[in-house]
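Have a look at the structure below before the remarks.
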Amino acid sequence: MNKRGFLLYGFVIGIAMLFIGRLFYLQIINNSYKQQAIDNSIKKKYIYPERGYIYDRNGKLLVANQTSYDLMVIPRDVKKLDTTEFCNLIHITKESFNKRINKAKRYSYKAPSVFIKQLSKENFAYLQEKLYKYNGFYIQKKSIRNYPINSAANILGYISEVNERLLKKNKYYHQGELIGVAGIEKSYEKFLRGKKGIKRYQTDTYGRVIAPYKNGKLDTLAKNGKDLTLTIDSDLQQYGEKLLQNKRGAIVALDPKTGEILSLVTAPSYNPNDMVGRKRSKFSRKYMSDKFDKPMFDRSLQAQYAPGSTFKMVNGLIGLQEQVITPFSTYPCYHGYRYGRRKNEFMGCHCGTNGLVSFNRAIYRSCNSFFSNAYKKSIEKYVSPKVGMDNWSKHVQSFGLGNYLGVDLPVGNKGLIPNSKFYDKFYPSFRWRAASTISNAIGQGQIETTPIQLANMTAAIANKGYFFTPHVVKKIQDTVIDAKYTTPKYTTIDSVYFNPVIKGMQDVFEKGTGRFAKIKGMHMAGKTGTVQNYIKKNGEKIALADHSIFIAFAPVENPKIAVAVFIENGGFGSAFAAPIASLVIEKYLNGKITRKTLEKKIMDASLYNEYNKQLDSLKIE
């Protein structure tokens, strides 16, 4: 055989070996085609677990389940059918039928998809009798949520169908399944959802079920979701919601000793049952399109406001820690503090004196001059304003301000506590100094806080220097709570410096700006705040009614509750925020309200005249 023959012979043998090797790989080593054949002959049916129940701290049921029925379709199994008859049966048009079938095919030709979700009990009963005539369609039983009490929507959240983005990202979920998308339902989804069970059936070449696959040996049972017990006191939560009727704002109440959130009220809010079932889409569009009341915007966690005079407590503590003031320091006050020569460089106050103001009086009468001097000295103590500002910022942030607190809810904002880098950008054209940032002394300026942060700051003061990360879940069935919620966090202020501050806050109720909110027979500590409020229109600042703020804790001897209240356009802190905080404290500690006249006054009050003025000023249609 010549050379050319050998080459041809070798080439043929080489090709043959390649084919034999490929066949060996496909038939012996690689079982993907075998698996594909098995998959095509097996029909899976998911068994959905019952979602975990949610209770308040006293065992009151907040979230339960109710049965829902979805009409499912497997496009591959759908045979020729009388479309008109079928559409009349389920009350849809032919156009809707074709749209739904095509959507199901795009998702998967052989996997089940939701054709119509959450049928009514009447439609389910009627359809179940007729469904045998329509191959490829079947009823899937599921649980949807039910809220026995119209309360705490911002805490509980809601569930909805998984979207296409999540379906690609998380293989656990399938088209048409439900997932928590807000509140506790989202944060604790893995605990609440449980685990799906699966039944497998052998099918013939026509897709008809023959028998359970391998006699059900590979089937798995559904495992119900875990029940949650919240830290929330439902009675207190509902009471706070009544107090905020016809107002915009937030109430946050904590247990200082544990960081447990007792109430987390935002107003306006919505009925959690509005986000259940087929009506969810309608209400979701309605609430999300409301740009004024923003019922789905949780003001307790997301709204960022200047803290006003409530922030003076932190500046006082920093001044004591830095030893630029003492509990016996005095500063002159002539109806405010002047920090420049221009007419507008003056921060007026109502401390009611023309002369020296003591540390104690500065707190209970809310003196701008005293705390401006203390703030200025805290910054100027160091070699440069930058070093002083960063040191001040470090102290402030140790109270949980200017950053996310780690609350176990999926929304929130971190607020703003400025530092030297911030002011380098804020004043790029000239050197800044303590006087340039003096508004920080009274909680205005560039500082922004959320109501949950102010409540946490108050708890840190009540505890004389430490706090626990605020959280809303107290107990998870058969599970240990994350240690971060039971580990204390310490401020940079020594505990000894808190006593004179707490004494001043106690005098706020005894002889200061909160005296009209005092509860008889109870030692309380608090601080009012009034925050200027402007809007800009055509480049011009328009003054609106001030925001009303109040922080408090009680009893002073053994703090059991710390509260922060913020009322938009509520005026002085003593006007709305202080009495609301006082009523919340009385409700929680005493279990009843004795000051019925005050309660009625607050519940009957509406601030919508003021809000409508703001709407007119902005010319929002």
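Read the figures in this text as sums done on the coordinates, not as results from a lab. Everything numeric in this text was worked out from a predicted model, so none of it was measured. All Cβ positions, even for glycine, are placed from backbone atoms using ideal geometry, and neighbour counts span all protein chains on display.
With Kirkwood's inverse mean 1/r over C-alpha pairs for Rh, give me the Rg to Rh ratio of segment 65-210, two decimals please. Walk me through the numbers before you get to the answer.
Numbers: Rg = 16.9 Å, Rh = 17.1 Å.
So for segment 65-210, dividing Rg by the Kirkwood Rh gives 0.99.
Rounded to the nearest whole Hz, the Karplus-based 3J(HN,Hα) values (6.51 cos²θ - 1.76 cosθ + 1.60, θ = phi - 60°) of segment 62-69 follow the sequence 10, 9, 10, 10, 9, 6, 10, 10, with x at glycine and proline. The fraction of all Cα pairs in segment 528-593 landing in successive 10 Å bins from 0 to the largest distance is 23, 38, 23, 11, 5, 0, given as whole percents. A cut-off under 12 angstrom between Cβ atoms defines the neighbours of Asp424, and their net charge, with Lys, Arg +1 and Asp, Glu -1, is +3. Note on segment 191-259 and segment 516-572: Cα centroid distance 37 Å, given to the nearest whole angstrom.
Each part gets one Cα centre, and for segment 283-361 versus segment 41-94 those centres are 54 Å apart.
Going by average Cβ neighbours within 10 Å, how do the peptides 563-570, 105-112, 506-513 rank, with the highest at the top? Present the calculation step by step, with values, prior to reporting the outcome.
Working: 563-570: 28.8, 105-112: 14.9, 506-513: 20.9.
Ranked from most to least packed, the peptides come out as 563-570, 506-513, 105-112.
Each residue of segment 400-409 was assigned a 3J(HN,Hα) from its phi angle through the Karplus expression (A = 6.51, B = -1.76, C = 1.60, θ = phi - 60°), giving x, 8, x, 7, 5, 6, x, 4, 7, 10 Hz with x at Gly and Pro.
Taking every Cα-Cα distance in segment 262-369 and sorting them into 5 Å bins from zero, the calculated P(r) comes out as 2, 10, 14, 13, 11, 8, 8, 9, 8, 7, 6, 4, 1, 0 percent.
Note that segment 355-362 has calculated 3J(HN,Hα) couplings of x, 6, 10, 7, 4, 4, 5, 4 Hz, one per residue in order, obtained from phi through the Karplus relation 6.51 cos²θ - 1.76 cosθ + 1.60 (θ = phi - 60°); glycine and proline are x.
The charge dipole of segment 234-618, taken about the Cα centre with unit charges on the Cβ atoms of Lys, Arg (+1) and Asp, Glu (-1), comes to about 620 debye, rounded to the nearest 20. Computed log10 I(q)/I(0) for segment 124-236 at 0.11, 0.12, 0.17, 0.23 Å⁻¹: -0.56, -0.65, -1.07, -1.35, from the Debye equation with unit scatterers placed on every C-alpha and solvent omitted.
The relative contact order of segment 315-436, computed from alpha carbon pairs under 8 Å that lie at least 6 residues apart in sequence, is 21 percent.
Here is how the number arises for the chain: DSSP H runs of 4 or more residues each give -39500 (n - 2.57), the sum is divided by the residue count, and the result at 222 nm is -10000 deg cm²/dmol.
Rank-order 437-444, 189-196, 58-65 by packing density, defined as the average count of other C-beta atoms within 10 Å over each peptide's residues, highest first.
Values: 437-444: 23.4, 189-196: 18.5, 58-65: 16.1.
Peptide ranking by packing, descending: 437-444, 189-196, 58-65.
The alpha-carbon atoms of segment 69-141, seen along their principal axes, cover 30, 25, 19 angstrom, with the largest extent given first. The calculated P(r) of the chain, using every Cα pair and 10 Å bins from 0, goes 3, 14, 21, 19, 14, 11, 8, 6, 3, 1, 1, 0, 0 in percent. Rg and Dmax, both from the Cα atoms of segment 289-436 and both in Å, are 17.6, 54. Within the chain, the selection of entire DSSP H helices by a Cα span of 27 Å or greater along the long axis and an average Kyte-Doolittle value of at least 0.0 returns 3-24. Shown here are the Rg and Dmax of the Cα trace of segment 471-517, at 18.0, 50 Å. Structural size metrics of segment 198-319, computed from C-alpha coordinates, are Rg and Dmax of 24.9, 82 Å.
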